[in-house]
Amino acid sequence: MQLKKYTDYGLRVLMYLACQPEQTMTSVRKICDVFSLSANHVNKVVHHLAKLELIDTRRGKNGGFVLAKPLTSIRLDYVIRQLEGDEEWIDCHSPSCVALPACQLNSIVAQGKVLFYQHLSRYTVADLVTDKRAELQAIFVQKIA
């Protein structure tokens, strides 16, 4: 399984914000510069994260966005499930599979998906940056300079 780029970008945005001083606003442009991403894609991700109430956005001259919740309350299973969508990983109906009546693949993969999200539920955005925060901050600053 591979996460969508959209989800990857969302996690990068959250990691970047997690490394900023508390309540420091950032911009789509900064995110794009640091990670070499398209502004169009980052705008969509930021909008989605704001709809999920994970970040607060402000318009205007001093606008931008900032984390809306403590790092320890943003669970990875929630973020990934929301950004990925929660569709089935195996689609037996499009096109319809002839093995469907006797196949166990969908059931087995569905059980794996449950375990995947259970594992991720033990981690938060804080876990992504805690041990390497200073190193990540230096990387992010260096990329912008």
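The values are calculated or read from the model by the stated rules, or taken from the named source; none is laboratory data. Remember, predicted model here, so these are calculated numbers, not experimental data. We place every Cβ from the backbone using ideal geometry, glycine too, and count neighbours over all the protein chains shown. Heads up: the accessible areas ignore ligands, DNA and RNA and are worked out on the full protein's heavy atoms, side chains in. Shrake-Rupley method; radii C 1.70, N 1.55, O 1.52, S 1.80 Å.
What the table shows:
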item: Members of segment 93-127 that are part of a helix (DSSP H, G or I) and open to solvent by less than 60 Å² (accessible area, probe 1.4 Å); result: Asn106, Ser107, Val109, Ala110, Gly112, Lys113, Tyr117, Leu120, Val125, Ala126
item: Condition broken by Ile108, with the remaining ones in (1) at pLDDT below 90; (2) more than 22 Å from Val13 (Cα to Cα) satisfied; result: (1)
item: Selected residue (only one of Ile80, Ile90 is β-branched (Val, Ile, Thr) and part of a loop (DSSP other than H, G, I, E, B)); result: Ile90
item: Residue among Val109, Val46, Val114 that alone is closer than 20 Å to Val28 by Cα and either among the aliphatic types (A, V, I, L, M) or touching a Phe, Trp or Tyr at 6+ places or on another chain (Cβ under 6 Å) (or both); result: Val46
item: The lone exception for Val34 - which of (1) in contact (Cβ under 8 Å) with a residue 24 or more places away in the chain; (2) in contact with a Lys or Arg (Cβ under 8 Å, 6 or more places away or on another chain); (3) over 18 Å from Arg133 (Cβ atoms); (4) not aromatic (Phe, Trp, Tyr) it fails; result: (3)
item: Residue within segment 73-89 that is of a type in the set (A, V, I, L, M, F, W, C), open to solvent by 30 Å² or more (accessible area, probe 1.4 Å), within 27 Å of Gly112 (Cα to Cα) and over 16 Å from the mean Cα position of the chain (by Cα) present; result: yes
item: Residue list for segment 56-72, filter: open to solvent by less than 70 Å² (accessible area, probe 1.4 Å) and in contact with a His (Cβ under 9 Å, 6 or more places away or on another chain); result: none
item: Yes/no for Gly10 being within 20 Å of Phe140 (Cα to Cα) and touching a His at 6+ places or on another chain (Cβ under 9 Å); result: yes
item: Test: residue in segment 17-28 that is under 24 Å from Gln2 (Cβ atoms) and out of contact with any Phe, Trp or Tyr (no Cβ under 9 Å at 6 or more places or on another chain); result: yes
item: Segment 58-71 residues that are small (Gly, Ala, Ser), paired with ones that are assigned to a loop (DSSP other than H, G, I, E, B) (beta carbon under 8 Å, 6 or more apart); result: Gly63/Met25; Gly63/Ser27; Gly64/Met25; Gly64/Ser27; Ala68/Glu53; Ala68/Leu54
item: Qualifying residues in segment 1-46 (those that are surrounded by 18 or more Cβ atoms within 10 Å (Cβ to Cβ) and in contact with a Gly (Cβ under 7 Å, 6 or more places away or on another chain)) - the one modelled with the lowest pLDDT; result: Thr26
